[in-house]
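Engineer: Here it is, the structure in full.
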Amino acid sequence: MTDAFNYDAWATALERGELLGGRCRSCETTFGTPVMVCPDCSHRGLEPTPLSETGIIHTVTRIEVAPTGFEGPFFVGIVELEDARLTARIEADSDEPEIGDNVRFAGGLSEAPDGSVAPLFRLE
Ligand SMILES: [Zn+2]
């Protein structure tokens, strides 16, 4: 684990199946996606911290027409963890994911043409 919480650290961890967040060294707020500056107090030092891997769906959207390189339809949403909130892909076997459903982190999903990785959650 590195000292700095940036996109590379976050994406590398995701590829290994780890969900990292950044904790502000000043106000101790935790964020689920890489930020260089704390949105709460403008402090510049965020350190990587493991996030809880279960949460609930805060919002969810069905993407009917997938962007080039993706297979649709699929679901994206904001997942509310105990310690942070983040945008993620949400996978459901048969049911449509709904607000308030329980989800669990299922690793990093890299299917974007540019090689970027996204957090993937599955309905519990
Ligand atoms: Zn802060």
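Engineer: Looking only at the stretch 40-55, how many residues end up being within 28 Å of residue 122 (Cα to Cα) and assigned to a loop (DSSP other than H, G, I, E, B)?
Structural biologist: Number satisfying all stated conditions: 3.
Engineer: Inspect the stretch 53-62 for any residue being within 14 Å of residue 119 (Cβ to Cβ) and within 16 Å of the ligand (Cβ to nearest atom) and give the result as yes or no.
Structural biologist: No, because not a single residue in the stretch 53-62 is within 14 Å of residue 119 (Cβ to Cβ) and within 16 Å of the ligand (Cβ to nearest atom).
Engineer: Additional query: In the stretch 16-43, which residue that is open to solvent by less than 60 Å² (accessible area, probe 1.4 Å) and closer than 30 Å to residue 95 by Cβ is farthest from the ligand (Cβ to nearest atom)?
Structural biologist: The extreme case among them is 17.
Engineer: Determine the pairs where a residue that is under 21 Å from residue 78 (Cα atoms) and without any contact (Cβ under 8 Å) to a residue 40 or more places away in the chain, located within the stretch 21-43, has a partner that is acidic (Asp, Glu) and more than 6 Å from the ligand (Cβ to nearest atom) with Cβ atoms under 7 Å apart, the partner being 6 or more residues away or on another chain.
Structural biologist: Close Cβ pairs (under 7 Å, with a partner that is acidic (Asp, Glu) and more than 6 Å from the ligand (Cβ to nearest atom)) amount to 22/47; 23/47.
Engineer: Could I ask something else about it? Considering only residues of the stretch 67-82 that are over 12 Å from the mean Cα position of the chain (by Cα) and surrounded by 12 or more Cβ atoms within 10 Å (Cβ to Cβ), which is modelled with the highest pLDDT?
Structural biologist: My answer is 75.
Engineer: Moving on. Looking at (1) surrounded by fewer than 12 Cβ atoms within 10 Å (Cβ to Cβ); (2) within 16 Å of the ligand (Cβ to nearest atom); (3) of a type outside the set (S, T, N, Q), which one does residue 46 not meet, given that it meets all the others?
Structural biologist: Checking residue 46 against (1) surrounded by fewer than 12 Cβ atoms within 10 Å (Cβ to Cβ); (2) within 16 Å of the ligand (Cβ to nearest atom); (3) of a type outside the set (S, T, N, Q), the one that fails is (1).
The values are calculated or read from the model by the stated rules, or taken from the named source; none is laboratory data. Model, not experiment: these values are computed from the prediction. Backbone-built Cβ (ideal geometry, glycine too); neighbour counts: all protein chains shown. Ligands, DNA and RNA are stripped out before the accessible areas are found, and what is left, the full protein with its side chains, is counted by its heavy atoms. Shrake-Rupley method; radii C 1.70, N 1.55, O 1.52, S 1.80 Å.
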